[in-house]
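The values are calculated or read from the model by the stated rules, or taken from the named source; none is laboratory data. Everything quoted here is computed from the prediction, not taken from an experiment. All Cβ positions, glycine included, derive from the backbone under ideal geometry; neighbour counts span all protein chains shown.
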Amino acid sequence: MVTNAPPDRLALGLDLGASHMAAALVDGAGTLQGWRQRPVDRALGPQAILGQATELLRNILAGFPERARSVVGVGLGLPGLVDRARNCLLFAPNLAWRDFPVGEWIAAALGLPVRSDNDVRLATLAEWLFGAGRGCSDLLGVWIGTGVGGGMVIGGRLFRGPGDSAGEIGHLTVAEDGPPCSCGSRGCLEAAVAGPALAAGGRALLLQAATGGFASPLGDLCGGDPGRATARLLAIAAARGDRGAREVLARAGRYLGIALAGYCNICNPERIVIGGGVAGAGEYLLEPARREIALRAMPVPRQMVRIVPSQLGGSAVVVGAGALVLGEY
């Protein structure tokens, strides 16, 4: 639990993502109450999206009037580079936001103090305190969804770096001449393994199937329309025996393993926690990554590290955002 948080203190935690937002009340044991979520329409722009976020948070408070007085602040998990001192989202490539004062908006709307951090760093904090990373002093968290983000625990402390930008493993180059990435570079891990990249792999697979005149479970799931391919449907098709879908996921897993092997060689973590929607592909993604680590990592870090799935799943960012307010991290 958050050991320096009195049991009667609560926080509001908000996970503001590129495709959805979620929020809940969080206590010092990482327990959630009043969970709510809604989709995010990136085309609306920051003001409208933050208006929806404050409405979501107000609705949670209204649902627990007897506990509202115990809420001491709001924790924000934001999808990009964050200036924590100003509670400002400096750069969110998958939202196309730059230098936007998210915390100022939320604080003014709710009249509560706000703390903010990168969403995946907070998910890693939650897994370290309450989930798959408990008991570790050195941990990497990797969340794979619309993008790819990372969080680091080194020597028993959440590591941010001097510019609060440490952990951006999604923008590690894994293919020199690979596809362009939303960050402006190319060949990044995110461009190879995130949801949009897997959906593109699924579309290519279906077009190949149509040209070759053979059917596939993915084609059945998509109703024959390549444009409907998603990472989730690709994982379902793989589970149903679709060899092409398994190869698309295996290729992504190999790129993931290349990045993780490099991290292992540099930081020698005890555990790597993999989360996010794309992690729902499970061993079709993780086993190729493990094989790549076995090939590329040095003997000591290779033998020590364990690659495990997230325990907290989709609630990790909200739990971590609450812990950020209730503890000293």
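The number of residues in region 62-80 being touching a strand residue (DSSP E or B) at 6+ places or on another chain (Cβ under 7 Å) and either surrounded by fewer than 18 Cβ atoms within 10 Å (Cβ to Cβ) or among the acidic types (Asp, Glu) (or both) comes to 5.
The condition (being exposed (fewer than 14 other Cβ atoms within 10 Å of the Cβ), at positive phi and either out of contact with any Pro (no Cβ under 7 Å at 6 or more places or on another chain) or free of Cβ contacts under 8 Å to residues at least 60 places away in the same chain (or both)) is satisfied by just one residue among Gly223, Gly227, Gly187: Gly223. Identification of strands (runs of 3 or more DSSP E) wholly contained in region 5-45 with 2 or more residues that are among the polar types (S, T, N, Q) yields 32-39.
Within region 201-220, the residues that satisfy the criterion of being surrounded by fewer than 17 Cβ atoms within 10 Å (Cβ to Cβ) and of a type in the set (Gly, Ala, Ser) are Ala204, Ala210, Gly212, Gly213, Ala215. Counting only helices (runs of 4 or more DSSP H) wholly contained in region 46-148, the ones carrying 2 or more residues that are closer than 24 Å to Pro162 by Cα and at pLDDT 95 or above occupy 119-130.
Mind listing whichever residues of region 47-103 are in contact with a helix residue (DSSP H, G or I) (Cβ under 6 Å, 6 or more places away or on another chain) and among the small types (Gly, Ala, Ser)? Of everything in region 47-103, those that are in contact with a helix residue (DSSP H, G or I) (Cβ under 6 Å, 6 or more places away or on another chain) and among the small types (Gly, Ala, Ser) turn out to be Ala68, Gly73, Gly75, Gly77. The lone criterion from (1) surrounded by 20 or more Cβ atoms within 10 Å (Cβ to Cβ); (2) in the same structural domain as Gly322 (by TED's automatic domain parsing) left unmet by Asp99 is number (1). In this structure, Gly244 qualifies as at pLDDT below 95, assigned by TED's automatic domain parsing to the domain that holds Met298 and surrounded by fewer than 24 Cβ atoms within 10 Å (Cβ to Cβ). Here Ile307 does not fit the description of being of a type outside the set (Asp, Glu) and either in a helix (DSSP H, G or I) or touching a residue at least 60 places away in the same chain (Cβ under 8 Å) (or both). Out of the residues in region 138-157 meeting the condition of being surrounded by 14 or more Cβ atoms within 10 Å (Cβ to Cβ) and more than 16 Å from the chain's Cα centre (by Cα), tell me which one is farthest from Ala96 (Cα to Cα). So the residue we want is Asp138.
The residues listed here are Arg251, Arg271, Arg246, Arg232; of these, the one that is of a type outside the set (Phe, Trp, Tyr) and touching a residue at least 60 places away in the same chain (Cβ under 8 Å) is Arg271.
Is it the case that region 263-272 has a residue that's of a type in the set (A, V, I, L, M), within 20 Å of the chain's Cα centre (by Cα) and at pLDDT 95 or above? The answer is yes, given that some residue of region 263-272 is of a type in the set (A, V, I, L, M), within 20 Å of the chain's Cα centre (by Cα) and at pLDDT 95 or above.
If you go through region 161-191 and keep only what is among the small types (Gly, Ala, Ser) and either touching a strand residue (DSSP E or B) at 6+ places or on another chain (Cβ under 9 Å) or modelled with pLDDT of 95 or more (or both), you end up with Gly161, Gly163, Ser165, Ala166, Gly167, Gly170, Ala175, Gly178, Ser182, Ser185, Gly187, Ala191.
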